[in-house]
Amino acid sequence: MQCDMDCGCCHKTKQRSEAEYTSLINRLNRIEGQIRGIRGMVERSAYCADILTQVAAASAALNGFTRELLANHIKTCVADDIRAGNDGTVDELVGLLQKLMK
């Protein structure tokens, strides 16, 4: 839902199933732990190659989160809007994909 003001405070929301919510939160918790681990490695002056290996793993995990969220978005929000005749959602999706592919 959009508000009438250009304040940037209003945006759409989505009700997620318990399974979707749990899966996304679990992924984010693992990623958060990986990031804390990387920070700890830097604080302990770990070898650069070891840190970079962990950064690659965290990046892959974040990409996995993005893929799952994007798939859920297309299957629910986008599909529902198209069925309801809101073709503007396709333009929104194209813009989103362009941002994700930078």
Quick one: what pairs do we get from segment 11-28, first residue within 16 Å of Phe65 (Cβ to Cβ), second not aliphatic (A, V, I, L, M), C-beta under 6 Å, 6+ apart or different chains? Glu20/Asn72; Arg27/Phe65
Please work out which residue is farthest from Tyr21 (Cα to Cα), limiting yourself to segment 49-102 and to residues that are among the polar types (S, T, N, Q) and surrounded by fewer than 15 Cβ atoms within 10 Å (Cβ to Cβ). Thr53
Only one of Leu52, Leu24, Leu93 is out of contact with any helix residue (DSSP H, G or I) (no Cβ under 8 Å at 6 or more places or on another chain) and modelled with pLDDT of 95 or more; which? Leu52
Looking at the structure I just gave you, is Asn72 polar (S, T, N, Q) and free of Cβ contacts under 8 Å to residues at least 24 places away in the same chain? no
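The values are calculated or read from the model by the stated rules, or taken from the named source; none is laboratory data. Not measured: the values here are computed from a predicted model. Neighbour counts run over all protein chains shown; Cβ positions are idealised from the backbone, glycine included.
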